[in-house]
Amino acid sequence: MKKSHRLDKIPPYLFVKIEEKKAQLLKDGVDVIDFGIGDPDLPTPKHIFDKMHEVLESPEAGQYPTSKGEFSFRQAVANWYKKRFNVTLDPATEVCALIGSKEGLAHLPLAFIDPGDIALIPDPSYPVYKICTTLAGGEPYLLPLTAKNNFLADLANIPKDIIKKAKLLYVNYPNNPTGAVADKDYLTKCVKFCQENNILLVSDLAYSEMGYDGYFPHSILEIPGAKDVTIEFHSLSKTYNMTGWRIGMAVGNSEAISALATIKSNIDSGAFKAIQMAGAAALTGPQDCVADNNKIFAERRNVLYDGLTSLGFKFLKPQATFYMWVPVPKAETSASFTEKLLEKCGILVVPGSGYGSSGEGYVRFAITLPKERIAEAIGRLKEAGITG
Ligand code: MLT
């Protein structure tokens, strides 16, 4: 079989390897405490399921959706953006439904990147940005996110010749995997940089609803003029515990939305209509489920943070996301520490290096498990004598 050279350039997806490893451990009888993938363990709220059931009864439910999304879903997205961020979107031209934000992020480079073009990508970051830039023939130029720069990419340090060839700048706050947040000043700098250099700003806002201690993350589209240069990706996955439903949205600049929709219409036929309707119900229905989730995640965050810091690990308590970005002990690497936690404690974390070379020296914990299990994990670490 002769496969494409393209395939040689990409690894298997990070979580494929991790899931295989977990499956093997479970088979071997290990009681794995899983801090791996960011997949909420809490249920999708009932009113969303009810809407899905209702739509399933209708004769058109099984017919082709439009790949750009049903108008009622796009309208629900526009209304939600208005209410949540005071951002006005035209549902006809500035909103596109996605089969999860990963799908849209993966297809976007096909619309903007030609061979040799550069995408400016934070490192560490969600692997899809880099891999799909590469699949489109482009070259990722990595912007290190470090504790020293508060996990905010330093745009002033990008060489001029790189900027010239750059077509996309990816920004993701609240950030996966670091849990870092960005204030409006930083986001404004990103907008200005893209305006000055004719670059499309790609904002991944998947974690905007997971803020704690009174912190409410911003959409970049709140910044005056941002819509001229920005496409923003969002997802219902984390907000409403809907990872498996695969429903998200791209919003913002109409030319960018139209370019993405053209790619999509040639590849997929859109998200299942009943899921779009259930998604609209999520966005327009009662939002107390979001606050209830955040209360649970904040409690879990406290248990993990207090436990890890009591063991000598030093890092900032995240204000958003359900991730904790924890430096590994001095003698360890991301991979060796991940291995040690699994072997000695049955604790599964993600090696920071899986998100890029600047993630070396860290592991990521996702707090997608009950606080009792988190406390149990801290107990196992103590018993194994693991300290920061
Ligand atoms: C993560 O855990 O980093 C992501 O949520 C997983 C994914 O979307 O593939």
Selection from THR239, LEU98, GLY138, by position along the positive dipole direction of the chain (Cβ): GLY138
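What value, in deg cm²/dmol to 500, does the helix sum -39500 (n - 2.57) over DSSP H runs of n ≥ 4 give at 222 nm once divided by the residues of the chain?
-13000 deg cm²/dmol
Would you mind putting 64-74, 180-190 in packing order, based on average other-beta-carbon counts within 10 Å, highest first? Write out the running numbers ahead of the final one.
On the way: 64-74: 19.9, 180-190: 17.6.
Answer by packing, highest mean first, reads 64-74, 180-190.
Which links in LYS130/LYS189; LYS22/LYS340; LYS184/LYS238; LYS22/LYS314; LYS130/LYS227; LYS17/LYS371 stretch past 18 Å when you go from one Cα to the other?
Values: LYS130/LYS189 22 Å; LYS22/LYS340 14 Å; LYS184/LYS238 23 Å; LYS22/LYS314 27 Å; LYS130/LYS227 24 Å; LYS17/LYS371 26 Å.
The pairs that break the limit, which is 18 Å between Cα atoms, are LYS130/LYS189; LYS184/LYS238; LYS22/LYS314; LYS130/LYS227; LYS17/LYS371.
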Give the Cα extents of segment 338-388 along the principal axes, in whole Å, largest first. 32, 23, 17
Which listed residue (TYR81, SER254, SER265) has the Cα farthest towards the positive end of the charge dipole for segment 46-284, taking +1 on Lys and Arg C-beta and -1 on Asp and Glu C-beta about the Cα centre? TYR81
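Relative contact order for the chain: what is it in percent, counting Cα pairs under 8 Å that are at least 6 residues apart? Before the final figure, lay out each step's value.
Numbers: 732 pairs, mean separation 93.2, N = 388.
Value for the chain: 24 percent.
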Using Stokes-Einstein with the Kirkwood hydrodynamic radius over Cα pairs, what translational diffusion coefficient do you get for segment 146-298 at 10 °C and a viscosity of 1.306 mPa s, in µm²/s rounded to a whole number? 93 µm²/s
Taking every eigenvalue of the Cα gyration tensor of segment 37-103, multiplying by 5 and rooting it, what semi-axes result, largest first, whole Å? 22, 19, 14
Protein chains only, probe 1.4 Å: how do ASP117, ASP90, ASP288, ASP213 rank by accessible area, largest first? ASP213, ASP288, ASP90, ASP117
Nitroxide proxy distance, nm - points 7 Å out along Cα→Cβ at GLU383 and ASN302: 2.6 nm
Would you list LYS160, LYS273, LYS102 from the most to the least accessible area, probe 1.4 Å? LYS160, LYS102, LYS273
Is segment 208-291 rounded, prolate or oblate when judged by the Cα gyration tensor, a ≥ b ≥ c being the square roots of its eigenvalues, rounded requiring a/c under 1.5 and prolate requiring a/b larger than b/c? oblate
Taking 0.36 nm per residue of separation between ARG6 and GLU20 and subtracting their Cα-Cα distance, the length gained on full extension comes to 2.7 nm
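Can you run the Rg to Rh ratio on the chain? Use alpha carbon positions and the Kirkwood inverse-distance Rh.
Value, to two decimals: 0.96.
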Electrostatic dipole magnitude of the chain [Cβ: Lys, Arg +1; Asp, Glu -1; Cα centre; debye, to 20]: 540 debye
Env charge @ PRO11, Cβ radius under 14 Å, K,R +1 / D,E -1, value +2
Expressed in Å to one decimal, the Kirkwood Rh of segment 265-382 from all distinct alpha-carbon pairs is 16.5 Å
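What order do LEU155, LEU56 take when sorted by accessible area (1.4 Å probe), most exposed first?
Numbers: LEU155 25, LEU56 80 Å².
Largest accessible area first, the residues go LEU56, LEU155.
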Build a GNM of the chain with springs between Cα atoms under 10 Å: which of SER208, SER265, SER58 gets the top mean-square fluctuation? SER58
Provide the net charge surrounding GLU196, with neighbours chosen by a C-beta distance below 13 Å and charges set as Lys +1, Arg +1, Asp -1, Glu -1. +3
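Express the carbon and sulfur contribution to the solvent-accessible surface of the chain as a percent, rounded to the nearest whole number, probe 1.4 angstrom. Walk me through the numbers on the way to the answer.
On the way: 9280 of 17060 Å².
Of all accessible area on the chain, carbon and sulfur atoms account for 54 percent.
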Label-point separation in nm, LYS330 to ALA375, each point 7 Å along Cα→Cβ: 3.4 nm
Give, in nm to one decimal, the length gained when the segment between LYS82 and GLU360 is fully stretched (0.36 nm per residue of separation minus the Cα-Cα distance). 96.2 nm
Using a cut-off of 10 Å between beta-carbons, work out the net charge of the residues near ALA61 (Lys and Arg +1, Asp and Glu -1, ALA61 not included). -2
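The values are calculated or read from the model by the stated rules, or taken from the named source; none is laboratory data. Note that the structure is predicted; figures quoted are calculated from it, not measured. So basically every Cβ, Gly included, is an ideal-geometry build from the backbone, and we count neighbours across all protein chains shown. What goes into the accessible areas is simple: the full protein's heavy atoms, side chains included, and nothing from ligands, DNA or RNA. Shrake-Rupley method; radii C 1.70, N 1.55, O 1.52, S 1.80 Å.
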